[in-house]
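For reference, the structure discussed in these notes is given below.
The values are calculated or read from the model by the stated rules, or taken from the named source; none is laboratory data. Note that the coordinates shown come from a computational prediction; the quantities given were computed from them, not determined experimentally. Please note: Cβ atoms are built from the backbone with ideal geometry, for glycine as well, and neighbour counts cover all protein chains shown.
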Amino acid sequence: MTVPPRSLVGKRILLVIAGGIAAYKSLDLIRRLRERGAEVRVVLTQAAKEFVTPLSVSTLSRGRVFVDLFDLTDEHEIGHIRLARDCDLVVVAPATADLIAKMAHGLAGDLAATVLLATDKPILLAPAMNHVMWAHPATRANMATLAARGVGQVGPESGELAEGESGAGRMSEPLAIVAAVEAQLGAAAPLAGKRALVTSGPTHEAIDPVRYIANRSSGKQGHAIAAALAALGADTILVSGPTRLPDPPGVAVRAVETAREMLAACLAELPADVAVCAAAVADWRPATAGEAKLKKDGGAPPALALAENPDILATLARHAHRPRLVIGFAAETDDLIAHARAKRDRKGCDWILANDVSTGTGVFGGDENSVHLIDAAGVESWERQSKDDIARRLARRIALRLNEAA
Ligand code: PMT
C-alpha cells in the first residue's frame, strides 16, 4: 500500500459540507486530508445532516462538528468568527448551487454562510450539482463573481450524475480535491519557480476605426490553462486578446487587441520556461486600416486587401530565448490529426493540441473541448471534458516535463 505524502502537516483546513448527495465523498476527503497531516474542522449545513451524520464526521475528523450559528456552547468554546479565521484554507465540498449563490450575494443566514462571509482566509470550492443547475446563467454569474474575488475552484467533473442524467456537475474525487488543496497551500507547487506564458482569446484586426476582423474564440480554454498553471505555482503571464472573462486568480494579464500587439507582449515576457499558445490569432489583417471610417458612397463595395500577421507560436519556437517547452493548439475543421501534425512541424513547437472546431462541436465559446495531444512520440486522445479539466491535465503534464532532468 502506498503511504501518502505528509504534505499537509501543520495545515488547518476548515471543511464546509453543504447538503448534496456528494457529501458522502467528503467523509473520504476528511480521511485523505488527515492522513496527509492536516488538522480538519468541519462545518455542516442543516441540509448536509440529511446526507452525513455529525457523528460519522466527528469520528473521522477527530474533532467537534459545527452546525448551528446560535449554539451557545459553540460560541462559548469557539466563536464563529474565530472558527472562520482559525485555519489556513476553507474548503467547501460539496459546494451546492444554493451555498454558491449565498456566497456570491454575501448572505449569512446560517453558520456555513456566515463563516464563508467572515473568513479572511482563501476559499476553495468543489461544486456539485445537476448539470442544468451548473450551466444555469445564475450559477455561471455567481461563479464568475466568486472567481473575480479570488475564490478557487476544483471541478466539477463531467459524467453520470446521481439523478441518472449526465453532464458537468459531479464533485471532483477526494484525491483531486486534496491535490487542489496542496496546490493552493503551496504544499505541492510543482511549478514553483517556473515562468509560464499563455496566449488566449481572439485578436481584433482593424478595417477602419469602427470595424474589425475577429473570430469566435471566447478565451475560455486559454484562461483556464493560465489559471491551472498558476494553481501549480507557476509565475504566469496571460497575454489575452479581447474577451469578456475575468482575470484568472494569481495570473498577470496583459491585454492586447491585435496579433502584432500580442507578439510584442509575448516577446517582452521572455524568457519563460513554457509557452502555451491557445489564442486564435488572426492570420491576416487588413493591409491598410485608415484613420477615417470607410464610406458607403453608392459605388462598388471596397476590396479588402490583406497582409499576413506574424506567427507568434512559430516566433517563440524559433527564438534565441526559446522556452524549454513550446505548446500550440491546432483548430481544424477537417483531417484533424494530419493537419495538426503538419502544423506542429511547420511551426516548430514541441506539443500541439488538436481540436475540432467544426460547427456543431461547440468548442469555440463552449465550456467543453476534446483534444488530441500530439508530440514527437505520437497522438494521445483525451476524452471530451470541461476546458478546466483539460487545463488542469495539461498543467500537470507540463509540470512533469519541466521537472524531468534537463
Ligand atoms: O477561446 P475558446 O472559445 O475557449 O476556444 C478555444 C480555441 C478553439 C480557440 C483553442 O482551443 C484553440 O484551438 N486555439 C488555437 C486557435 C488557432 O488559431 O488555431 P490555428 O490552427 O489557426 O493556429 C495554430 C497555432 O498557431 C495556435 O497555437 C495559434 O495560437 C498559433 N498562431 C496562429 C496564427 C498566428 N498568427 N500566430 C499564432 O501564434
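Among the numbered criteria (1) under 24 Å from THR199 (Cα atoms); (2) touching a strand residue (DSSP E or B) at 6+ places or on another chain (Cβ under 9 Å); (3) not in a helix (DSSP H, G or I), which single criterion is violated by ILE337?
The one condition ILE337 does not meet is (3).
Any chance segment 295-315 includes a residue that's crowded, with 16+ Cβ neighbours inside 10 Å and touching a Gly at 6+ places or on another chain (Cβ under 7 Å)?
Scanning segment 295-315, I find at least one residue that is crowded, with 16+ Cβ neighbours inside 10 Å and touching a Gly at 6+ places or on another chain (Cβ under 7 Å), so the answer is yes.
Any residue in segment 260-272 that is under 25 Å from ARG384 (Cβ atoms), surrounded by fewer than 23 Cβ atoms within 10 Å (Cβ to Cβ) and near the ligand (Cβ under 9 Å from one of its atoms)?
no
May I ask you to list the residues in segment 205-224 that are surrounded by fewer than 20 Cβ atoms within 10 Å (Cβ to Cβ), closer than 20 Å to LEU238 by Cα and more than 7 Å from the ligand (Cβ to nearest atom)?
Within segment 205-224, ALA214, ASN215 qualify.
Answer with yes or no whether VAL92 is at pLDDT 95 or above, of a type in the set (Val, Ile, Thr), out of contact with any Gly (no Cβ under 8 Å at 6 or more places or on another chain) and crowded, with 21+ Cβ neighbours inside 10 Å. Steps first, please.
Numbers: at pLDDT 95 or above: yes; of a type in the set (Val, Ile, Thr): yes; out of contact with any Gly (no Cβ under 8 Å at 6 or more places or on another chain): yes; crowded, with 21+ Cβ neighbours inside 10 Å: yes.
It is true that VAL92 is at pLDDT 95 or above, of a type in the set (Val, Ile, Thr), out of contact with any Gly (no Cβ under 8 Å at 6 or more places or on another chain) and crowded, with 21+ Cβ neighbours inside 10 Å.
When you look at ALA234, is it under 18 Å from the mean Cα position of the chain (by Cα) and either at pLDDT below 95 or over 18 Å from LEU353 (Cβ atoms) (or both), yes or no?
Judged against the criteria, ALA234 is a match.
So, LEU394, is that one within 23 Å of VAL154 (Cα to Cα), surrounded by 16 or more Cβ atoms within 10 Å (Cβ to Cβ) and in contact with a strand residue (DSSP E or B) (Cβ under 7 Å, 6 or more places away or on another chain) or not?
no
Looking at this structure, is VAL326 more than 20 Å from ALA224 (Cα to Cα) and in a strand (DSSP E or B)?
no
Quick grid of which residues meet (1) more than 30 Å from ALA179 (Cα to Cα); (2) touching a strand residue (DSSP E or B) at 6+ places or on another chain (Cβ under 6 Å):
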site	(1), (2)
GLU205	yes, yes
VAL210	yes, no
VAL239	no, yes
ARG244	no, no
PRO248	no, no
ALA252	no, yes
LEU267	yes, no
PRO271	no, no
VAL274	no, yes
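If I filter segment 300-342 down to residues being within 12 Å of the ligand (Cβ to nearest atom) and of a type in the set (Val, Ile, Thr), which single residue comes out as nearest to the chain's Cα centre (by Cα)?
The selected residue is ILE327.
Give the residue that is surrounded by the most Cβ atoms within 10 Å (Cβ to Cβ), with candidates limited to residues of segment 157-204 that are under 14 Å from the mean Cα position of the chain (by Cα) and closer than 30 Å to TRP284 by Cβ.
Filtering first and then ranking leaves VAL198.
If you scan segment 351-365, which residues turn out to be near the ligand (Cβ under 6 Å from one of its atoms) and crowded, with 19+ Cβ neighbours inside 10 Å?
Result: ASN355, VAL357, VAL363, PHE364.
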